[in-house]
Amino acid sequence: MTVFRFALRRAFRDPLNLLLVCALPLGAAFLPSVEGLGLPLGFQMYGAIVLFDAFLLLRSVVDDGVSGVFQRIGAAPLTPLRYLGETLLAYALILFVQNAAMVGLGTLVQGGRLPAPPLLLLAYTVFSLTSLSISLAGGALFRDRDTAYQSLSAFLMVLAMIGGLFWPLEIMPPFLGRIATITPCYWLVEAVDTLRRNGPLGHYALSLAVMVLFSIAFLLVGSRRRLV
Amino acid sequence: MNMANLSDAVKRYDSVLALDHVDFDIGEGEILGLLGPNGAGKTTAIRALAGLLPLDSGTIRLFDQEQHPGRRDLKRRLGLVTQEITVFEDLSARENLEFFAGLYGLRGAELRRRIAETLEFVGLTEYADLRPRKYSGGMKRRLNIACALTHGPELLIMDEPTVGIDPQSRNHILESVRTLRARGTTILYTSHYMEEVEALASRVVIMDQGHVIAQGSVEELVARLPYEERVHLEVGEPSEAFLARVRAIHGVKLVTMEGLVITVVSASGSDNLNRVVQAAQGHGGLRSLMEDKPDLEDVFLTLTGKSLIDPAIAGSGKVHKRRVNGDGGEA
Amino acid sequence: MNPVLIVGRTMFIRMLRDLPSLIMLLLVPLVLIAILGSVFSWVPADIPYMRGVASPMAFFAAGFLVMFQLFGGGYSLTYVKGALFSPMRWRLYGLPCSPGAIVLGTVGAATLVSLCQGLLVVLVTGLAFGVDWGSLPLVVLVLLAVTLLSQLFYLTMLLALRNQGTAMTLGWFFAYGSCVAGGLIFPLPVERPFFRFLATYGNPYSLAQTALREGSPQNNPAVATLCLAVLYAAAALFALLAARLAKRKLA
């Protein structure tokens, strides 16, 4: 698990960035509820926070693609899939800690407004994996740093909007709702909504399973990139 | 007249003393070679000269005036070829020159003329409107040099301008340096390739670990070595008469023959190669010849006990030299 | 020609050749405005997201216009970083012009490029989507204020922090955070005084939106003037900060 260890080490080499990306968003736990939104405001937007956090955390991997470090990794006796997988696990651990802190804080501050905290944590954790996979796959595609950052951030914004992270899909035209189902963000919203409505656990599990499938798909896409 | 002078220069980076009371001059119209291994302080010295770094103590004089980072008037008369390739990859070669020369005050027709001349000089005229990301390494190096030349500097500082390029481009650059010198430009040329400095420089300053350990012309520096020159040759008709003739050459200390190979040992600085070759003409001509002459690397080795190029990274397959005294013992 | 102008002109050309950034800061907002403006026109007007919004198209046009101007500060960060925080700095320091001139020229070019992008968004949305921007001089003043603030904020972060990646992260927080706090992404609980203040005057996005909204004669031009004054004052503050930091770091 060398890649895993060093990915963690690299993440902690930039403590200010880690603080900004992981600690600052916890302030969202204190945001109040808004009429028309099922969850407190901070938790309504938390999916988008996780999506962008994953991107900001994985900047070093983007830099690896740009700097040519991937070439050296390609010459090493490990597969691209393993490299990406171990990197993903390392950052997933960091995001899990953030998610746990967020849900824990939310439970304290928001009380009963937060549905089924342990299952909510699980949903955010699985979505973290998906977000990391998206950014890993995207970062591995680009050879130019600025193009990578700009393209990825634009893509993630559009993904978040289409996927229903910013506003309820019920208010959107049906065709957008259909498009949303092919985004991983939709399935986080579905999972959280199921918990909020006290819906069937099977529906919740299905949403998680779809997010896991998205993670695997993006990981496979990212690992197919030629490293040189 | 001295174009530049470093006097008792000291520069420290945290615990590293990059320049330790360094003194040297650059005379007008000369090519001064600044030689030394990585970490010797060459780049720090030239950055200080170019006004990019302040010294901790000591003085720098440029064109007979005191130099410090705020002296923009002196910078106008300088050109700096950086060790890294520092050109804008998203501007064409022409646009790069226009930008940098523009900041030196060139305008209009004069600017265009100088750009055209410089592109011609570095051999990039037909690639002038391409962007450097499409260039080879050698072409990028030439553009890197061109950016320092367009404004016609009186003093050109070149920091390892041939690193990492092919021999053809390197030769082109060396030829360009000779031409610039012929046109009157004073040049400070740093390198850790001693053969370049030997070929170009009228005087050499050798640095190591922040000190100047020797300075002078190549001949002066080599002459200080307690070494001998050795020539190994095979002739068509080896004979005692030939050996006697060679022994009679001024400076020859020892002539031996082992098998067909004749070894001629001369005092350092004798430069007897041509005389030995001439002597061979009357004895069946030359079949093979190898000269073992001390060079700047030997100077550095003698002065510091280590090679100019780190043997761990030399990788050229070159056999590291052993220096021997007249009695055959290792120096 | 003044070195600032020479640097500015060259950086301007380089920025115009930066296709990914042009697409990001010009095409993406236009696409978002077009799609969301059209989609939300179908949505009932009494839902929380659209409460108080007369025209969804105008709401998203103004919102994304300012949002992407706030992102535009990345130009200054990227190009100053490329000039003065890379090996290029040795060549530039060797030139007979001050590092300050290089920074000033670069920021000037970035401001101009970002402003042009914003004006193009205004033009396209006005012509193609029928958005009524009201007074064009006011729009230009607002855009200029937001752009300047953004460029100077990003520049200050670059000069203040050792890690340029962290500076960019802070810039993104600045841009995204302002838009979220201004109510572009989520409706804010504006019945609470704190959130009402946040949504009207509490951040650069809100100040810009308030200035655009209140700037017409039938509304409250004095409020618009106040908002503009705050934005320009903030820009001036960051300019002073940046100048101090530049003097220390780029000497």
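Some points to look at:
- When region B:56-89 is limited to residues that are in contact with a strand residue (DSSP E or B) (Cβ under 7 Å, 6 or more places away or on another chain) and of a type in the set (Val, Ile, Thr), the one that is farthest from B:LYS11 (Cα to Cα) turns out to be B:VAL81.
- Verdict on A:MET211 being more than 14 Å from the chain's Cα centre (by Cα) and buried (at least 16 other Cβ atoms within 10 Å of the Cβ): no
- Considering C:PHE12, C:PHE68, C:PHE59, the condition of being under 30 Å from A:LEU165 (Cβ atoms), within 13 Å of another protein chain (Cβ to nearest Cβ), in contact (Cβ under 8 Å) with a residue 40 or more places away in the chain and among the hydrophobic types (A, V, I, L, M, F, W, C) is satisfied by C:PHE68 alone.
- Residue satisfying condition, being outside any loop (DSSP other than H, G, I, E, B) and either touching a helix residue (DSSP H, G or I) at 6+ places or on another chain (Cβ under 9 Å) or within 12 Å of chain C (Cβ to nearest Cβ) (or both), within set B:LEU91, B:LEU80, B:LEU32: B:LEU80
- Test for C:LEU77: is it surrounded by fewer than 24 Cβ atoms within 10 Å (Cβ to Cβ) and assigned to a helix (DSSP H, G or I): no
- Extreme residue, surrounded by the most Cβ atoms within 10 Å (Cβ to Cβ), among residues of region A:143-170 that are facing chain C (nearest Cβ under 7 Å) and in contact (Cβ under 8 Å) with a residue 12 or more places away in the chain: A:PHE166
- Top-ranked residue in region C:185-223 [being within 15 Å of C:VAL66 (Cα to Cα) and of a type in the set (A, V, I, L, M); ranked as farthest from the other protein chains (Cβ to nearest Cβ)]: C:ALA211
- Among residues of region B:231-252, those that are surrounded by 14 or more Cβ atoms within 10 Å (Cβ to Cβ) and either within 36 Å of the chain's Cα centre (by Cα) or of a type in the set (Lys, Arg) (or both), counted: 10
- Helices (runs of 4 or more DSSP H) (entirely within region A:128-228) containing at least 3 residues that are closer than 30 Å to C:LYS81 by Cα: A:145-162
- Scanning region B:41-49 for any residue that is away from chain C (no Cβ under 14 Å), touching a residue at least 60 places away in the same chain (Cβ under 8 Å) and within 30 Å of B:ASP14 (Cβ to Cβ) turns up at least one such residue.
- Any chance B:VAL204 is in the same structural domain as B:GLU160 (by TED's automatic domain parsing) and modelled with pLDDT under 90: no
The rows are residues; the columns are (1) within 28 Å of B:LEU34 (Cβ to Cβ); (2) out of contact with any His (no Cβ under 9 Å at 6 or more places or on another chain).
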residue: B:ARG230; (1), (2): no, yes
residue: B:VAL235; (1), (2): no, no
residue: B:VAL246; (1), (2): no, yes
residue: B:HIS250; (1), (2): no, yes
residue: B:MET257; (1), (2): no, yes
residue: B:THR263; (1), (2): no, no
residue: B:SER268; (1), (2): yes, yes
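- Counting residues in region C:47-54 that are free of Cβ contacts under 8 Å to residues at least 40 places away in the same chain and either under 28 Å from C:THR169 (Cα atoms) or part of a helix (DSSP H, G or I) (or both) gives one or more.
- Only listed residue being farther than 30 Å from B:THR86 by Cβ, within 20 Å of the chain's Cα centre (by Cα), at pLDDT below 90 and within 14 Å of chain A (Cβ to nearest Cβ), chosen from C:VAL53, C:VAL28, C:VAL43, C:VAL39: C:VAL28
- Residue within region B:164-174 that is among the β-branched types (Val, Ile, Thr) and out of contact with any Lys or Arg (no Cβ under 8 Å at 6 or more places or on another chain) present: no
- Residues satisfying the stated conditions in region A:11-46, i.e. without any contact (Cβ under 8 Å) to a residue 60 or more places away in the chain, more than 8 Å from chain C (Cβ to nearest Cβ) and under 26 Å from A:ARG197 (Cα atoms): A:GLY27, A:LEU31
- Any chance C:PHE153 is away from chain A (no Cβ under 14 Å) and either within 26 Å of C:VAL28 (Cβ to Cβ) or part of a helix (DSSP H, G or I) (or both): yes
- Positions within region A:171-186 being free of Cβ contacts under 8 Å to residues at least 60 places away in the same chain and more than 8 Å from chain C (Cβ to nearest Cβ), in sequence order: A:PRO174, A:PHE175, A:GLY177, A:ARG178, A:ILE179, A:ALA180, A:THR181, A:ILE182, A:THR183, A:PRO184, A:TYR186
- Residues of region A:47-71 classified as away from chain C (no Cβ under 11 Å) and modelled with pLDDT of 75 or more, total: 5
The values are calculated or read from the model by the stated rules, or taken from the named source; none is laboratory data. Small disclaimer: the values here were computed from a predicted structure and weren't measured. We place every Cβ from the backbone using ideal geometry, glycine too, and count neighbours over all the protein chains shown.
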